[in-house]
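Novice: Below are the structure tokens for one structure; questions will follow.
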Ligand SMILES: Cc1cc2nc3c(=O)[nH]c(=O)nc-3n(C[C@H](O)[C@H](O)[C@H](O)COP(=O)(O)O)c2cc1C
């Protein structure tokens, strides 16, 4: 089983989502020996914005990287995404990754009945961190977006590990982190 562990927080050692995403990945490794983890740090090693040159495949180095990112996603059984809320949405570094994995003909296609996701059979665990409280609010363009775009490419088994209100006070942050750690789901074997 392959687990793709993605981080996108720019806050390094002070990051809530990095702490939690590492705990999720560790739980999978502890509970399911043999899980192979691939770590993608989108802050340390950002993916370039998708541009006209990218779509034209003008730059062989960029094209190779884009293909490697897509294959890494396609080969993963489980994807753990550390996703802080930035300006009500996701970090642009994480959006740059999505722009490389949402590829017509590879991860989705349009049919006479509408769009169809092609990256089926995967599980995603979104580790969400936010300074304020946004659950169920119109201000949530982060979790709702991630659920939607993952569903669009065929990943419909999505769980959330959430720490929110972390900017309210140190106590809020500590409580939110403790609750998020306690909510980390136990891994289950995915159907072959
Ligand atoms: C650039 C930036 C933008 C942010 N924008 C928001 C926001 O729109 N709403 C919010 O509730 N918190 C916002 N925050 C707070 C983060 O969501 C919060 O610090 C969260 O813990 C980030 O996850 P991290 O600790 O893993 O980086 C922002 C933080 C940063 C650094």
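Novice: At a Förster radius of 22 Å, what calculated FRET efficiency corresponds to the Cβ-Cβ distance of residue 45 and residue 157, to the nearest 0.05?
Specialist: On the way: r = 27 Å, r/R0 = 1.24.
About 0.20, to the nearest 0.05.
Novice: Which three extents, in whole angstrom, do the alpha-carbon atoms of the chain cover along their principal axes, largest first?
Specialist: Here the Cα extents, ordered largest to smallest, are 50, 37, 36 Å.
Each value in this text was obtained by applying a stated rule to the coordinates, not by laboratory testing. As the structure is a prediction and not an experimental result, all values here were calculated from the model. A quick note on method: Cβ atoms are made from the backbone with ideal geometry, for glycine too, and the neighbour counts reach across all protein chains shown.
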